[in-house]
Each structure stands twice: as C-alpha cells, then as structure tokens.
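Okay, structure first, notes after.
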Amino acid sequence: MSSISSSADHHVATTKPLALTATRDRIVLTLLSTSALLGLAVDVRKHNSSASLDSFFTSAHAMLYAAVTGYACFVLWICRRHMVENGIGRLGRAAIPRGWEAAVMAIVACAVAGVGDMSWHLAYGIEQGNDIFFSPTHIILISGLTMLPFGAIRTYWADSAPETTNGRRFWPIAVAAGSAISAVPVLFLFTNVTGGGVLSANFPAEMTTPEPNTGIVASELFNNLYTSGVLIHSAVIFGVMLCIARRWSLPFGAATLMMTVFAINSVIWFDFQVWRQPVSFVVGGFCIDLMWLGFKSLKNRRLAFRLFALLSPIVLWGSYLLISLTDTAAAISMSREQWTGTIFWTGIIGLASTAVLVPPRKQPVTHLD
C-alpha cells in the first residue's frame with residue numbers, strides 16, 4: 001500500500017500540469033458543435049417530412065456528418081498542437097489538453113455510431129415516424145452528438161473562474177448549453193412537447209370513450225404521455241441550466257440565449273410549421289433572466305439558488321401554456337388539475353435537484369457563498 005502511495009505521489013510531483021487552450025479555440029469548438037446539432041435537426045426534419053426517404057446518402061446526413069467530421073478534425077488538430085508545444089512524444093492522456101477529454105470521447109462515440117448507423121440503414125432501410133427515436137444506432141448517435149456541446153462546455157469549465165465570466169465571455173457557454181438541451185429531447189420527440197403535443201389536440205369521440213373490456217380511455221393515455229414528456233424535457237433543460245448556474249454566475253441574457261438556440265432547433269424539427277411553442281421557450285427564458293436578476297440581490301445565495309431552481313421551470317412551462325393558448329383553434333384536452341399540476345411538478349423536480357447541486361456549507365462552493 002505504501003509503495004503504491006509513494007509511486008502516485010512521485011507521479012503527481014513530476015507530471016506537468018496540462019496546458020489550457022486559447023479562448024478562440026473553445027469558441028471554434030462551440031460553433032462546430034452547434035452546427036452539428038443543427039445538422040441533427042435538419043436530419044430529423046428530413047425523416048419526418050419525407051415519406052419516400054430510402055437512402056442513407058442524403059443532403060441532411062451530409063450536413064450532419066460534415067459538421068461532426070469538422071469537429072473531430074479540429075479536436076485532433078488541437079491535440080496534435082498540444083503535443084508539439086509541450087514536447088509530448090506519444091499518444092496518451094497527456095496528449096489531450098485540460099478540459100478537452102469529453103470532446104475526444106464525443107468524437108469516438110460519434111464515429112462508432114456513424115458506422116453503425118450506415119450499416120443499419122443499408123441492412124434494414126430508413127426509419128420514419130416514431131421508429132426514428134427507437135433505432136439503437138440513432139440512440140447511440142444522438143448520445144454522441146449530445147456530448148459534442150458538452151465537450152465544448154467542459155473546455156470552459158476547466159478554465160473559466162466563476163467571478164471572471166461576464167456576459168461577453170459567457171455567450172459561447174450559453175450557445176453550447178442550448179445546443180446540448182436541443183439534442184437530448186430529440187430522443188423523446190414522440191411525446192411531441194415542443195410542437196404542442198396533446199395540449200392543442202381535439203380528440204374524436206371514440207378516443208374519449210372507455211374501452212368496453214378494459215375501461216381504458218385513449219385520450220387519458222395521450223395526456224399522461226404528454227405529462228411525462230413535459231417532465232422529461234424540463235428535467236433535461238433545467239438539469240443543464242442549473243449545473244451551469246451552479247458553476248458560473250449567470251449573466252443577464254444567458255437563459256434567453258440558451259432557449260433561443262433550443263427554439264431554433266424546435267422550429268427546424270417541425271419543418272417550420274410550429275412557431276408558438278418555440279417562441280414560448282424564448283419568452284420563458286427572458287422571464288427567467290429577469291427573475292435571476294432579482295435573486296442576485298439576495299444575500300443568502302443558497303436560498304436564491306433554490307428559489308431559482310423551484311420557480312424557473314414553473315415560469316418556463318407557464319409561458320409555454322399561456323402562449324400556446326393564443327392559438328384560437330387549440331383546445332385543452334387535459335383537465336385543469338392535470339395541466340396545472342404538471343407545471344408545479346416541474347418546479348418540485350427543479351427544487352429537488354438542489355439537494356445534489358448545493359453542497360453542505362462545510363464544502364467549498366463557487367459563487368453561491
């Protein structure tokens with residue numbers, strides 16, 4: 001045991017700290033990851049809107065994989081430059097600049113998923129409809145694509161101190177975060193939350209009548225699916241937003257920018273036919289920014305963070321509901337108790353997450369104390 005400990009101490013003492021990369025390198029990585037997620041949105045739109053899609057080699061796939069290839073080439077170039085500048089003679093952990101580990105993992109995941117996706121399409125054809133979101137290779141690919149913007153965020157995480165991140169420096173982090181939350185809900189688009197879902201559905205009579213043998217009402221199943229979709233989307237959106245708010249003190253406009261990137265992807269997913277719900281996310285993000293601006297004046301930073309975690313989801317989904325109702329053709333198919341309760345559940349989930357995100361007072365924290 002002592003020999004292992006002494007060996008580890010010697011390794012720590014003799015290993016040079018990994019160098020950080022320049023801000024412009026991290027900005028380029030952010031833009032490349034954002035372009036890859038836009039490519040994903042175009043690909044989802046292509047799958048949804050083209051009933052005769054029968055080839056892997058499409059313009060949407062070309063856009064997606066070109067962006068991923070550009071991301072991979074840039075990361076490999078950064079690693080190569082890092083090796084030359086620091087006199088590193090062989091591949092290994094030391095060849096990766098500090099904070100770029102997640103980016104390297106992302107390109108490996110995308111490479112494996114890309115080969116698997118092409119093989120799957122060539123063997124079984126092109127999925128359409130809900131099958132898009134259940135294809136094993138698509139799940140792996142979207143997971144890898146989700147890691148691309150998270151890889152960009154990690155490069156900032158390794159460098160930027162909470163007190164030195166202002167609005168001008170923060171925009172790439174907000175854009176990367178917006179891209180990240182845009183990727184994960186693609187896996188759950190069958191809930192159709194960002195496009196309105198059953199919120200604006202007019203169910204035919206046969207769907208509101210209990211099944212004779214089972215007593216199951218089809219419209220209730222759709223409503224429950226919608227509720228699950230809202231909770232999943234909210235957990236993803238605010239899981240990312242609260243982690244970033246825990247690491248940095250959010251400048252004004254951060255939530256608006258994050259939700260704007262998310263909304264742009266949502267508009268593309270639904271072939272530019274859905275506008276109210278994406279706009280509601282932008283409005284909700286702006287309201288969250290205003291609320292956080294007020295909470296910053298509180299002396300108890302932990303209380304401010306918990307209130308932010310509780311109220312932000314309620315504000316976002318409340319905006320979503322109110323703006324969706326401006327569609328005069330919409331009809332609320334859910335009961336008053338279910339849609340109001342769904343909104344309040346998002347706040348409870350956000351508040352519960354602070355049990356993990358806010359450490360005990362004896363532990364060092366960033367800007368919360």
Using a ≥ b ≥ c from the Cα gyration tensor of segment 226-281 (square roots of the eigenvalues), is it rounded, prolate or oblate, where a/c under 1.5 gives rounded and otherwise the larger of a/b and b/c decides, a/b for prolate?
oblate
What figure in square angstrom, to the nearest 10, would you give for the accessible area of I288 with a 1.4 Å probe?
0
Filter the chymotrypsin sites (Phe, Trp or Tyr not before Pro) in segment 91-148 down to the DSSP loop ones having no more than 15 other Cβ atoms within 10 Å, then list what survives.
F134
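As a test of reading the structure, rank W317, W275, W171 by solvent-accessible area (1.4 Å probe, protein chains only), most first.
Accessible-area ranking of W317, W275, W171, largest first: W275, W171, W317.
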Can you give the accessible area of D159 in Å² (nearest 10), computed on protein heavy atoms with a 1.4 Å probe?
60
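The values are calculated or read from the model by the stated rules, or taken from the named source; none is laboratory data. Treat the numbers as computed from the prediction; the structure is a model and nothing was measured. Backbone-built Cβ (ideal geometry, glycine too); neighbour counts: all protein chains shown. Surface accessibility is based on the protein's heavy atoms, side chains included, excluding ligands, DNA and RNA. Shrake-Rupley method; radii C 1.70, N 1.55, O 1.52, S 1.80 Å.
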